[in-house]
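All remarks here apply to the structure that follows.
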Amino acid sequence: MRIDVITLFPDFIESCARIGVVGRARERGLLEIATWNPRDFASDNYRSADDRCYGGGPGMVMMIDPLRKALDDVRAAAGSTKAKVIYLSPQGTRLDQAKVAELARQEHLVLLSGRYEGVDERFLERAVDEEISVGDYVLSGGELAAAIVIDAVGRLQQGVLNDAMSAEQDSFSNGLLDCPHYTRPEHHDWGDVPAVLTSGDHAAIARWRRRASLRLTQALRPDLLASVPLTPEEQELLDSGDDPEPK
Ligand code: 4GX
């Protein structure tokens with residue numbers, strides 16, 4: 001998969017895309033990420049990519065032409081016509097794991113990160129396929145939102161995760177929250193590791209984890225549980241035992 005990001009702050013995106021699972025995916029050639037600064041496509045000596053808002057008032061708007069030229073270069077560089085162009089904005093569809101999985105199946109994404117008051121509406125109408133929001137709060141620009149999309153989508157690419165971190169084990173891939181995790185030391189003055197986890201009884205451990213997931217989800221995110229119909233065994237698991245209790 002290829003992801004191009006059109007942004008006034010390419011350094012931020014590049015530093016995010018160098019670290020962790022996504023960074024390793026790029027090194028291994030499983031994911032290609034490139035950034036494009038609209039200022040490099042400006043037509044004046046100030047390299048302007050934004051201008052004042054028609055109708056007056058404070059604030060600037062990103063201009064059509066630098067964005068259009070950047071997008072033309074993205075398409076030329078990628079040699080593809082089936083890019084999905086996404087604008088990160090609070091007005092977009094809220095990103096969730098189902099949306100992430102859908103985006104991860106695309107061959108080519110172009111993410112547009114806006115600054116200031118946003119982007120000229122005519123560019124959005126003509127060049128953008130989809131608007132996505134990472135949550136109901138206001139950022140000062142779309143870069144953090146783009147970094148979230150890159151991270152969530154990048155880790156789902158074929159071959160990126162090893163068995164230990166496989167996406168099937170994720171919270172949300174099964175619609176539930178993850179169970180708690182523990183490491184050494186087993187006994188600590190802040191508490192002991194639940195005995196079942198050190199028992200070596202793999203079936204009991206699997207049951208404990210599943211029950212913990214179900215309990216946590218019921219307590220903290222009942223909305224998620226409502227959209228995952230429980231099997232009779234899971235309902236039974238949820239009702240049985242007394243360990244663990246959510247915080
Ligand atoms: N999820 N922002 C976009 C520019 C802007 C201003 C007004 C449209 C209208 C955000 C989010 C987000 C801040 C990115 C404003 N766009 N992006 N930017 N929440 O808050 O994605």
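Counting heavy atoms of the protein chains alone, R47 has an accessible area of about 100 Å² for a 1.4 Å probe. Any chance you could check the Cα centroid distance between segment 177-223 and segment 2-25 for me, in angstrom? First find each Cα centre; the distance between them is then 34 Å.
The H on the amide N of G175, modeled in the peptide plane, is under 5 Å from the matching H of no residue at least 5 residues off or on a different chain. Only beta bridges with both residues in segment 1-153 are counted; by DSSP, about 15 percent of them are antiparallel.
D for segment 31-72, whole µm²/s, Stokes-Einstein with Kirkwood Rh over alpha-carbon pairs at 25 °C and 0.890 mPa s: what number?
Reported coefficient: 215 µm²/s.
The values are calculated or read from the model by the stated rules, or taken from the named source; none is laboratory data. Everything numeric here is computed off the predicted structure, so don't read it as measured data. Accessible surface is based on the protein model in full, side chains and every heavy atom, while ligands, DNA and RNA are left aside. Shrake-Rupley method; radii C 1.70, N 1.55, O 1.52, S 1.80 Å.
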